[in-house]
Amino acid sequence: MITVISGTNRADSMSLRTAKLYVDILKEASENVKLLALEGKEVWERGDAMLAIEQEYLIPAEKFIFIMPEYNASFPGILKVMMDNSDIKKCWWYKKALLTGISDGRAGNLRGIEHMTSILHYLKVNVHYNKIVLSRIKDEVDKAGSFKKPETEDSIRQQITDFLKF
């Protein structure tokens with residue numbers, strides 16, 4: 001199973017729209033995929049809600065795709081809190097991850113991707129080499145959640161194809 005994680009809890013986020021595009025492409029490839037949207041999820045402590053997230057989205061996943069917006073030159077704290085409150089060995093060790101950063105600005109959350117790469121390596125996660133940064137995300141994905149540029153869709157499709165072989 002692949003879990004696509006929309007790395008913010010903000011309502012109506014571009015991260016969630018982008019994550020849904022990844023899920024749609026994976027479903028075309030007949031992949032077993034689930035979307036973990038952090039909006040409204042209670043990950044602040046290791047309680048029943050967090051345990052349910054682990055059981056449904058994290059422990060059964062063999063691979064993860066992180067769609068991460070830029071927050072203060074990194075990624076959202078809610079994503080780190082979710083990881084910190086998880087059972088690290090069961091959820092993360094020896095699994096695989098793909099990273100995509102998004103931002104309104106020019107860097108596409110490059111710093112956040114590198115930060116997350118270091119964290120995932122510490123958690124014994126193998127990180128795929130093809131990390132995409134989507135700068136000026138509103139020029140890449142529209143409000144309806146569709147690609148605006150065919151070349152962006154092509155790059156993401158290639159990234160996913162490579163990741164499925166990883």
Item to check | Inter-part distance where region 31-88 and region 92-140 are each reduced to a Cα centre, Å | outcome: 15
Item to check | Entries in Lys89/Lys138; Lys27/Lys131; Lys95/Lys138; Lys90/Lys148 that, when Cα-Cα distance is taken, lie over 27 Å | outcome: Lys89/Lys138; Lys95/Lys138; Lys90/Lys148
Next on the checklist: If neighbour count is taken as other Cβ atoms inside 10 Å, put Tyr71, Tyr22, Tyr122 in order from fewest to most.
Outcome noted: Tyr122, Tyr71, Tyr22
Next on the checklist: Below 8 Å, C-alpha to C-alpha, sequence gap of six or more: please give me the relative contact order for region 72-134 in percent.
Outcome noted: 43
Next on the checklist: For region 2-165, what does the convex hull of the Cα positions come to per residue, in cubic angstrom?
Outcome noted: 101
Checklist entry - How high is the relative contact order of the chain, in percent, counting Cα pairs under 8 Å that sit 6 or more residues apart? => result 22
Item to check | Bridge type composition, region 2-165 - antiparallel percent by DSSP, nearest 5 | outcome: 10
Checklist outcome for this item: The set of residues whose placed amide H lies less than 5 Å from the amide H of Ile5, leaving out same-chain residues fewer than 5 positions away, is Leu36, Ile65, Phe66, Ile67
Checklist entry - Which of Ala73, Ala52, Ala19 moves the most in a Gaussian network model of the chain with Cα springs under 10 Å? => result Ala52
Next on the checklist: Given a 10 angstrom Cα cut-off, can you work out which residue in Lys63, Lys20, Lys149 is the most mobile in a GNM of the chain?
Outcome noted: Lys149
Checklist entry - Taking springs between alpha-carbon atoms closer than 10 angstrom, which of Gly47, Gly105, Gly145 fluctuates most in the Gaussian network model of the chain? => result Gly47
Next on the checklist: On a full-extension model of 0.36 nm per residue, what is the gain between Leu51 and Tyr94, subtracting their alpha-carbon distance, rounded to one decimal in nm?
Outcome noted: 13.5 nm
Checklist entry - What are the aspartates and glutamates whose alpha-carbon lies under 14 Å from the alpha-carbon of Lys96, with same-chain residues fewer than 8 places away excluded? => result Glu62, Asp162
Next on the checklist: Under the rule of at least 5 residues apart or a separate chain, name every residue whose amide H is placed under 5 Å from the amide H of Ile102.
Outcome noted: Met68, Glu70, Leu134
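Rule-based calculations on the coordinates, nothing more; no lab input. The shown structure was predicted, so the numbers you read here are calculated from the model rather than taken from an experiment. In this analysis, Cβ positions are derived from the backbone assuming ideal geometry, glycine residues included, and neighbour counts consider all displayed protein chains.
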